Amino acid sequence: MNDQSPERAAYTVVGAGAIGGTLAHALSRRGHPVTVIDTDRAHVDAIRAHGLVVARGDKRTSVPVRAATPEEYDAGPLDRVLLAVKAQATRSAVEWIAPRLAPDGYVVSVQNGFNEDLIASLVGPERTVAAFVNIFADVVEPGVVQDGGAGALVIGEWGAPVSDRVRDLVADLQSWGPARADDNVEGHLWAKAGFGAMLAATALTDAPMADLIDRHRPSMAGLAEEIFAVAERRGVTLEAFDAFDPEPFRHGAVPAARDTAFDRLTAWLRTQTKDRSGIWRDLAVRHRPVEVTTHYADVITQAAGEGLPTIRLRAVLDGLRELECAPHTMSEARLDALDRLVQQPGHPQLPARSQAAAVQRWLDDHREEMVTDLAAYTAQGSSSDDLDALTDCLAWLRDWLDRRLGTPEDEEILPRADAGDILVRRYPVRGASTADSRAVTLVGHYDTVWPTGTLDTWPFRREDDHITGPGVFDMKAGLVQAVWAMRALDELGLPRPACTLVLNGDEETGSHASHEAVVEAAAGSRLAMVFEAAADGSIKTARKGVGLFTLTVTGTEAHAGLDPTAGASAVDELAQQILHVNRLRDHEAGTSVNVGVIEGGTRSNVTAGRARAHLDIRVASDAERQRITRALAGLRPADTRTRLDVTGDWNRPVFERSAQVAEFADLATACAELLGFGLSEASVGGASDGNFLAAAGIPVLDGIGAVGSGAHARSENTSVSGMVERAALAATVLVALAGR
């Protein structure tokens, strides 16, 4: 079928996917001239060739529409525009529409999510019309939309009463079905946000939506409850639609009413042709990014501004982001983990914005004292290999802790013969209302890589906001921040959980003498906060496991000139083994293999009798650790006259981003938003004592210490503002953990 003759279209539908294609088909069937604009070349070509097709069961119906890509469109101004692109494409689509929009034209957002404010900022509020859409449909092949059954469509002005143009629009869109006008489109959008979060959660695995919602009712109710709490705080009146009634999913709803609402909703979903969400199809079939992570971003931001948690919603969005890269890992185990998250007692409650602001102001007022403390601490040399310096530094720390935090409830000094001693101090709970009485462990190390005497040539220096000196970034500023975070809460009378402070003196050399004691001191903790330096400002929610191995080859020496065949060269064999070992790398799985040092032989005219390679291997998962362990154990010589020996072990276990780690990362992110800054997370190759704690099953927030750069280098630095910001973050997290 060819394009229609050029004429001014009554409707232009930008985004001819499931929603846009369904409405375009209905309008054209009623006789409205329709132009569809889509970036999918194959979709546009199919519509041009065969018309826009809607399939209902075995029946397919085609209607003529004009179709073009944005680059091809050359017709006149746009009057009535139905915008149906994915949320993440809204800005680029409206920037295309704006210069083509007629002075009296308007844009209707028939999209998922909250896009009206963005549209209004680009074309003006007077040319923006709001809509709530709940249409079950899918693009099943280029040019073909599968109808998923009845739905809902509500049109209204954005922040104004229903107008004549809205009534005219509704009359036209009733060609699709039960379209209607309403003054409270926002109430419908927030209600759908709660329902949509349930559908988003079902995309974590491959099974019918109704069955998953039925089997995981606690998770689904918890998701809706988080979203509706934000709507309630904003004064939004939620509106029911189709078979979804939002009221039973609000906080404090009667359980029997909630069960009835679930029964009704799942029964209705089972009547729909479409049994999986468009989010699932984007991941499993189209292998493209999902829009849901974009249109819930505003919900999360508003929740943080109101001091409301979105832990469950964040967990779902994090899972969807993982599936964008690895859709084959869809599993109902993800929903099982979400159920466990919902069922855990004592979920942290975000502090009030006023509490976060008070903490920030107090710390800002005491920034010079924090700098003075860091200067004095940096002046205490604490090289990992100088036991006398470590002893003196720990004595200084104990005195400083007494001055800043008072006498602890309990103190242990665990002596070590060949390393710095371990300090464990326990501080009692203050004013907490949570039923979870477990302590939070604050972890740090006081040793540095800098040799004794470094301070003579490179002392602590401050220039305005910039601080340099040996150990300021790794990790002396982190400890100062932790202590001042606790002090701020105590001085302000704000609640905090019981805190256990654990400091060791051999972290920089591998924590060989201390890691078991660190894990024991933190056993049973609700959370371990490791005040290691941040990764470009990001907290660290995963660290690679580190293996240090030596591959030794023993051969047979001989005169290389007189009898070149008599010997068996260990160097030759090692060269072949290095090539084999390097093939164990798997960068996609996060596994690196580095042969850092090789040595072998005695003289150039002697067949080498011995050769050795030192390996640094890093893995991002325990499965990879096991694979590498098996591979090293299975090495066999190519020259059977030689012998191979592999010695060494895994120096640090893998620190994987578990569901609990993700929960606390979300909490920290929400606390950062309360304080007015963004916080990201990172997976890093370097190791810390967080690896040992995570491997022991203790949830870990790592990298919550100093902001700066230059660890282990003469460029090592941090900032005064960063110290204040991160101390406030640590304090706000502690207040959250003290709440219900």
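Its convex hull of Cα atoms gives the stretch 1-183 a direction-averaged projected area, equal to a quarter of the hull surface, of 9.2 nm². Of the GluC sites (Glu not before Pro) found in the stretch 58-158, the ones in coil according to DSSP and having at most 14 other Cβ atoms within 10 Å of their Cβ are GLU71, GLU72.
Here the Karplus relation 6.51 cos²θ - 1.76 cosθ + 1.60, evaluated at θ = phi - 60°, turns the backbone of the stretch 579-584 into coupling constants of 4, 5, 5, 5, 6, 6 Hz, with x for every Gly and Pro. Going from the fewest other Cβ atoms within 10 Å to the most, the residues LEU265, LEU118 appear in the order LEU118, LEU265. Computed with the Debye formula from one identical point scatterer per Cα of the stretch 529-681, without solvent, the log10 of I(q)/I(0) at q = 0.10 Å⁻¹ comes to -0.51.
Quick check: Cα centre of the stretch 183-249 to Cα centre of the stretch 57-124, how many Å? So the separation of the two Cα centres works out to 27 Å. If you plug the beta carbon distance of ARG180 and GLU126 into 1/(1 + (r/R0)^6) with R0 = 30 Å, you get a FRET efficiency near 0.85.
Around the Cα centre of the chain, unit charges on the Cβ atoms of Lys, Arg, Asp and Glu (plus for the first two, minus for the last two) sum to a dipole of about 1680 debye. Axis of helix 185-202 versus longest Cα principal axis of the chain: the two differ by about 50°, to the nearest ten degrees. One entry in (i) 92, 77, 51; (ii) 99, 67, 45; (iii) 92, 75, 64 is Cα extents along the principal axes in Å calculated from the shown coordinates; its label is (i). Going by neighbour counts of Cβ atoms within 10 Å, the residues ILE119, ILE598 line up, fewest first, as ILE598, ILE119.
Label sites at HIS328 and THR565, each approximated as a point 7 angstrom past Cα along Cα to Cβ, lie 4.8 nm apart. Using the average count of surrounding beta-carbon atoms within 10 Å as a protection proxy, the listed peptides 538-549, 423-434, 188-199 rank, highest first, as 188-199, 538-549, 423-434.
How high is the relative contact order of the chain? Use alpha-carbon pairs under 8 Å, at least six apart in sequence, and give a whole percent.
11
Rounded to the nearest 20 debye, the dipole magnitude of the stretch 106-187 is 80 debye, with +1 charges on Lys and Arg beta carbons, -1 on Asp and Glu beta carbons, and the Cα centre as origin. On full extension, the segment bounded by LEU492 and SER604 gains 33.0 nm, given 0.36 nm per residue less the C-alpha separation. A straight line joining the Cα centroids of the stretch 415-470 and the stretch 625-677 runs 25 Å. In angstrom, the C-alpha Rg and Dmax of the stretch 1-105 are 13.0, 43.
Which whole-number percent gives the relative contact order of the stretch 143-283, counting Cα pairs below 8 Å spaced six or more residues apart? Over the stretch 143-283, the number comes to 28 percent.
Placing +1 at every Lys and Arg Cβ and -1 at every Asp and Glu Cβ, with all other atoms neutral, what dipole size does the stretch 399-522 have around its Cα centre, in debye to the nearest 20?
480
If r is the Cβ-Cβ distance from VAL597 to LEU387 and R0 is 22 Å, what FRET efficiency results, to the nearest 0.05?
0.20
Per-residue ellipticity at 222 nm computed for the chain from its helices equals -12000 deg cm²/dmol, with DSSP H segments shorter than 4 residues left out and the rest contributing -39,500 (n - 2.57).
Ordering LEU189, HIS25, GLY159 by the projection of their Cα atoms onto the charge dipole of the chain, which places +1 on the Cβ of Lys and Arg and -1 on the Cβ of Asp and Glu, puts HIS25 at the extreme positive end. Based on a Kirkwood Rh over C-alpha pairs, give the Stokes-Einstein translational diffusion coefficient of the stretch 186-343 at 10 °C and viscosity 1.306 mPa s in µm²/s. Estimated diffusion coefficient is 102 µm²/s.
Per-residue Cβ neighbour counts within 10 Å put GLU368, GLU247 in the sequence GLU368, GLU247, beginning with the fewest.
Values in this text are rule-based calculations from the coordinates and carry no lab data. Here the structure is a predicted model, which means the values were calculated and not measured. Please note: Cβ atoms are built from the backbone with ideal geometry, for glycine as well, and neighbour counts cover all protein chains shown.
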